[in-house]
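K.L.:
Dropping a structure here in C-alpha cells format, bear with me for questions.
The values are calculated or read from the model by the stated rules, or taken from the named source; none is laboratory data. Computed from a predicted structure; not experimentally measured. Here Cβ is always computed from backbone atoms with ideal geometry, including for glycine, and neighbour counts include all displayed protein chains.
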Ligand code: KIV
C-alpha cells in the first residue's frame, strides 16, 4: 500500500461487536490497543493493563474480524523485563489471542527485543513519539520531537526499528513535518496519530473516532459521528417509553 500510495486505515477495537462493525466498513487494520485501560476499564492510563487482559480482548476481537489485519499491543512490563519473556508474551498474543502482529512502544533499549520477536516469526509494529506507557517518565502526555535533538533522535529511532525488522511504525503526537520526514526516509509504512497528514496511514481510538468518548479530546482527534449524543438520546427515549408504558408495544410482545 505504501508503494502504491494507498493510505492505510487503522482503528482500535476491544470486543467482537466493534471489530465486526469496523471490519464490515472495510478498515485495513484493527489494533487491540492497551488504550483499553482508558477506554474500557476507566483507568487514567494504560499502565495497569495486564497481558491476560490483552489476550482476552484480542481473542474476542478476533471473532469479529474477517478481512482486516489484527494487531495487539504488548502491555506495560510484558516486554521490558527480558527478551526471552518478551518473545513468549508476544507468542501468547498470537497463539491465544489470534493476533497477527504485536505492537511495542520502543526506545533504544527495546530495539534488540523488536529484533528477537521478529526473528521468532512474529511481525512487530514499533510505536515511537508519545509513548503512553512512559507517561510518568515523560511527565505527562506531551507532543514529542519539538527540539532539533529530539527530532533527530526520533528519526534515528525510526531507522533502528526498521533495521531491527519492524514491519510498521506507529508515530504518536509529533510535529507533522517530522512525521513526513520519517515517513519519506523509511521503506516500511508509518501510521500516524497526532502526526499530520503525510504518514502512510492513520490510527484512531474507535470511541474517539465515533464521538463516544467524553470531552475534552486531544487536538488530533476528529469525531466522525456524535456517538454520545445518539446513544444518550436513544437511552432517554427508551427510559421514557418504559416509564410511560409505551414500550413494549404489541409488536414487541408474544401473543
Ligand atoms: O493503545 C492504543 O490504542 C494505541 C493507539 C492509539 C496507537 O497505541
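K.L.:
Looking at segment 57-80, can you tell me whether even one residue there is assigned to a helix (DSSP H, G or I), farther than 13 Å from residue 30 by Cα and either at pLDDT 95 or above or in the same structural domain as residue 25 (by TED's automatic domain parsing) (or both)?
P.N.:
No.
K.L.:
Considering 111, 94, 87, which residue is within 17 Å of residue 170 (Cα to Cα) and either modelled with pLDDT of 95 or more or assigned to a strand (DSSP E or B) (or both)?
P.N.:
Result: 111 is the single residue among 111, 94, 87 that is within 17 Å of residue 170 (Cα to Cα) and either modelled with pLDDT of 95 or more or assigned to a strand (DSSP E or B) (or both).
K.L.:
If you don't mind, there's one more thing I want to ask. Checking the structure you have, find out if any residue of segment 165-185 is closer than 26 Å to residue 77 by Cβ, away from the ligand (no atom under 16 Å from the Cβ), crowded, with 17+ Cβ neighbours inside 10 Å and under 21 Å from the mean Cα position of the chain (by Cα).
P.N.:
yes
K.L.:
Can you pull out the residues in segment 9-34 that are assigned to a loop (DSSP other than H, G, I, E, B) and within 16 Å of residue 227 (Cβ to Cβ)?
P.N.:
13, 14, 15, 25
K.L.:
Just to be sure I understand, how many residues within segment 19-28 are touching a residue at least 60 places away in the same chain (Cβ under 8 Å) and either under 14 Å from residue 207 (Cβ atoms) or surrounded by 22 or more Cβ atoms within 10 Å (Cβ to Cβ) (or both)?
P.N.:
The number of residues fulfilling the criteria is 1.
K.L.:
Here's another thing I want to ask about it. Which condition number in (1) more than 19 Å from residue 28 (Cα to Cα); (2) touching a helix residue (DSSP H, G or I) at 6+ places or on another chain (Cβ under 6 Å); (3) away from the ligand (no atom under 16 Å from the Cβ) is the one that residue 237 fails?
P.N.:
Of (1) more than 19 Å from residue 28 (Cα to Cα); (2) touching a helix residue (DSSP H, G or I) at 6+ places or on another chain (Cβ under 6 Å); (3) away from the ligand (no atom under 16 Å from the Cβ), only one is false for residue 237: (2).
K.L.:
For segment 193-209, how many residues meet the condition of being closer than 21 Å to residue 100 by Cβ and either away from the ligand (no atom under 14 Å from the Cβ) or not in a helix (DSSP H, G or I) (or both)?
P.N.:
So the count comes out to 8.
K.L.:
Tell me which residues, restricted to segment 115-145, are touching a strand residue (DSSP E or B) at 6+ places or on another chain (Cβ under 8 Å), part of a helix (DSSP H, G or I) and closer than 15 Å to residue 76 by Cα.
P.N.:
Across segment 115-145, the qualifying residues are 132, 133, 134.
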